[in-house]
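Please read the structure below before turning to the comments.
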Amino acid sequence: MKNLILIATAAVLTGCSSYTPDAGHEVVLIEKPYFFGHGGVNPNPVKTGRVYTAWSTEGEDVYMQPQKYEMESPDTMTSDGVPISFHAIMVLQVTDSVSLIKNFGNKWYENNLNEPFRTMVRQAVRKRGMNETAISTTALDAIDTEIHDQLVAFIAAKKLPVQLVTMTVGRANPPDAIKNQRVETAAQEQRIQTEKQKKLAEDSRLQAEQSRANADNAYRESMHLSPEQFIQLKQIEMQQEVCGRGGCTFIMAGGVAPVYNLGK
């Protein structure tokens, strides 16, 4: 009798499938009976524990936590005709696993959101110029808001049982030729600024020299010195700096100029 029970149990188990979803997952059962019943999607997903089903029943694992979907959008044309590349990210969370599998299947994202999302990004970028999208954070914020609102409306219209958690479009990446031109332009602008600063320094030095010359000339006239005598006086002052305060005596040429004793 025990042997018959064991054989019967083994036969039942070998004709069954089991599903044990991981944390954060649900398994949607799709019943496909070979002989009796109509089958279809079981309205009660497997959330925890282990469930045994008929061998013909299939299970679709659905991740119920927020999940990130990334998209590259190369060579997207801006309003000024420059091809730029974008990296966009969308985070979605499934709200009803049974409805998702029953109405949209396990490739629900690829078949329903991938291309519309790509189209929304392209259309939003085409409204703006390259400099605006590549530099201005305000423009990127406006693009994010525009696409976010379109996605929410699209998901609601399609009745997709998912929630848009967040969406963001990264900074635009222009072609290498454009980036090289920007580097050269920045270098040229820096050279221009450098030349401007050099010119300002030269003008300032010239102004200081003119002021000093005017002051020297005013001093010479107040002392009733000829230009030659003034030059000699400047030479004496420089020689004094060399001699220090050792009592050097210098007489200016001309015979009528006073004697200057620059020592103690």
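Coordinate-derived values only; no laboratory data. Just so you know, these numbers come straight off a predicted model, no measurement behind them. Cβ sites come from the backbone with ideal geometry, for glycine too, and all protein chains shown count toward neighbours.
Spin-label model, A157 to N44: label points 7 Å out along the Cα-to-beta-carbon direction sit 3.8 nm apart.
Kindly state, to the nearest 0.05, the FRET efficiency for Q188 paired with D75, given R0 = 35 Å and r defined as their beta-carbon distance. The formula returns an efficiency of 0.80 here. With the simple model of a label 7 Å out from the Cα in the direction of the Cβ, N173 to K68 spans 1.5 nm. Scalar couplings 3J(HN,Hα) for region 153-165, obtained by applying the Karplus form with A = 6.51, B = -1.76, C = 1.60 to θ = phi - 60°, are 5, 5, 4, 5, 5, 7, 6, 6, x, 9, 10, 7, 7 Hz; x denotes Gly and Pro. Each Lys and Arg contributes +1 and each Asp and Glu -1, all at the Cβ; summed about the Cα centre of region 23-149, the dipole is approximately 280 debye. What's the local net charge at T78, with K and R +1, D and E -1, over the other residues with C-beta under 13 Å away? Local charge sum for T78: +1. Judged by the mean number of other Cβ atoms found within 10 Å, the most tightly packed of the peptides 19-27, 212-220 leads the ranking 19-27, 212-220. For region 23-73, chymotrypsin sites (Phe, Trp or Tyr not before Pro) are listed when DSSP marks them as loop and at most 15 other Cβ atoms sit within 10 Å of their Cβ; the list is Y34, F35, F36, W55. Report, in listed order, any pair from K102/K159; K47/K107; K47/K159; K32/K158; K32/K102 with a Cα-Cα distance greater than 19 Å. Beyond 19 Å: K47/K107; K47/K159; K32/K158.
Its Cα centre serving as origin, region 51-102 has a Cβ charge dipole (Lys and Arg +1, Asp and Glu -1) of approximately 160 debye.
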